[in-house]
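One structure is given here, and the rest of the page talks about it.
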Amino acid sequence: GIQVEQSPPDLILQEGANSTLRCNFSDSVNNLQWFHQNPWGQLINLFYIPSGTKQNGRLSATTVATERYSLLYISSSQTTDSGVYFCAPRGDNQGGKLIFGQGTELSVKP
Amino acid sequence: EPEVTQTPSHQVTQMGQEVILRCVPISNHLYFYWYRQILGQKVEFLVSFYNNEISEKSEIFDDQFSVERPDGSNFTLKIRSTKLEDSAMYFCASSEAISGDYNEQFFGPGTRLTVL
């Protein structure tokens, strides 16, 4: 099945800084979602982005499906951005399941 | 905005007991999923369900697990005889479709299961 690798595994930022989180995947995909897991454990949908670029406020994401990676940009980070960010692609011919990466744990310091 | 709901938010049980985790998917969605996350680890797929039958399951989803859509709104995960290693957060998700533009999966808030 599809392999998913996220980097970096951990990231510490000062409030106001920008960051880029990366997700590499091993096969072609027909779905890719980014989630933020908050301190209460809830998975918050950030982006549904099998290809192209989307923006939502301070966050944006880009998926280059032909090169098998996706990037999540966080600009002007805030302490509430802290948590774990997961990338979850779904491989072509892999049924409906999302395959989650190990996540990037982000800590934003005031 | 419609959302997936799950009950209970936290369940504590004794090893060997049966538990049923409940989910109400988004009303016009046709595909339903269960995932789990052991503390500190990544989220893992358990099972997908469509048209009243399992469409795919992982190796984790053994004979101790079952899923059911008992009525038009609920979707349940049953663990027949819980083990210590079943302690995890269990997420329900649903999607309108499985391909095309409507296959985004929406997740519920999770049920934290603790097996003692």
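Which value, in debye to the nearest 20, describes the size of the charge dipole of region B:5-116 about its Cα centre when Lys and Arg Cβ atoms bear +1, Asp and Glu Cβ atoms bear -1, and nothing else is charged? Don't skip to the end; give the middle numbers.
On the way: 9 positive and 14 negative charges, 79 e Å.
Using Cβ point charges on Lys, Arg, Asp and Glu, region B:5-116 gives about 380 debye.
If each of A:N56 and B:E96 carries a label point 7 Å out from its Cα toward its Cβ, how far apart are those two points in nm?
1.5
Just grab the label-to-label distance for B:E68 and B:R22, each label 7 Å out from Cα along the Cβ direction, in nm (one decimal).
1.3
So for the protein assembly as shown, if I pair up every lysine 8 or more residues apart or on another chain, how many of those pairs have alpha-carbons under 27 Å apart?
Total qualifying Lys-Lys pairs in the protein assembly as shown comes to 13.
Could you please put A:D10, B:D86, A:D27 in sequence from largest to smallest accessible area, using a 1.4 Å probe? Don't skip to the end; give the middle numbers.
Working: A:D10 100, B:D86 10, A:D27 60 Å².
From most accessible down to least: A:D10, A:D27, B:D86.
Enumerate the amide H contacts of A:L13 below 5 Å, restricted to partners 5 or more residues apart or on another chain; note that Pro and chain-start residues carry no placed amide H.
Correct list: A:S107, A:V108, A:K109.
What's the carbon and sulfur percent of the protein assembly as shown's accessible surface, probe 1.4 angstrom, rounded to a whole number?
Values: 5100 of 10970 Å².
Reported share for carbon and sulfur atoms: 46 percent.
When chain B is modelled as a GNM with alpha-carbon springs shorter than 10 Å, which of B:V12, B:V47, B:V24 fluctuates the most?
B:V12
Find how much the distance from A:T79 to A:Q42 grows on full extension, using 0.36 nm per residue of separation minus their present alpha carbon separation; answer in nm with one decimal. It would help to have the intermediate numbers written out before the result.
On the way: separation 37, 0.36 × 37 = 13.32 nm, distance 1.69 nm.
Length gained, A:T79 through A:Q42: 11.6 nm.
Seen from all sides and averaged, what is the projected area of the convex hull of the Cα atoms in region A:4-109, in nm²? It would help to have the intermediate numbers written out before the result.
Numbers: hull surface 24.0 nm².
The directionally averaged projection comes out at 6.0 nm².
In Å², and per residue, what accessible area does the protein assembly as shown have when probed at 1.4 Å with the other protein chains present? Please report the intermediate quantities before stating the final value.
Details: 10970 Å² over 226 residues.
Result: 49 Å² per residue.
Would you work out which of A:S77, A:Q33, A:G16 lies farthest towards the positive end of the dipole of region A:4-109, given +1 charges on the beta-carbon of Lys and Arg and -1 on that of Asp and Glu, about the Cα centre?
A:Q33
Subtracting the Cα-Cα distance from 0.36 nm times the residue separation, let me have the gained length for B:Q41 to B:T76 in nm, one decimal. Could you put the intermediate results ahead of the total?
Details: separation 35, 0.36 × 35 = 12.60 nm, distance 2.33 nm.
So the extension gain works out to 10.3 nm.
Relative to the compact globular guide of 2.2 N^0.38 Å, what is the alpha carbon radius of gyration of chain B, as a ratio? Intermediate values should be presented prior to the final figure.
Values: Rg = 13.5 Å, N = 116, 2.2 N^0.38 = 13.4 Å.
Ratio of Rg to 2.2 N^0.38 Å for chain B: 1.01.
Can you tell me what percent of all Cα-Cα pairs in the protein assembly as shown are more than 27 Å apart?
Numbers: 8326 of 25425 pairs.
That tail contains 33 percent of the Cα-Cα pairs.
The values are calculated or read from the model by the stated rules, or taken from the named source; none is laboratory data. As the structure is a computational prediction, the values presented were derived from the model and not from experiment. Backbone-built Cβ (ideal geometry, glycine too); neighbour counts: all protein chains shown. Surface accessibility is based on the protein's heavy atoms, side chains included, excluding ligands, DNA and RNA. Shrake-Rupley method; radii C 1.70, N 1.55, O 1.52, S 1.80 Å.
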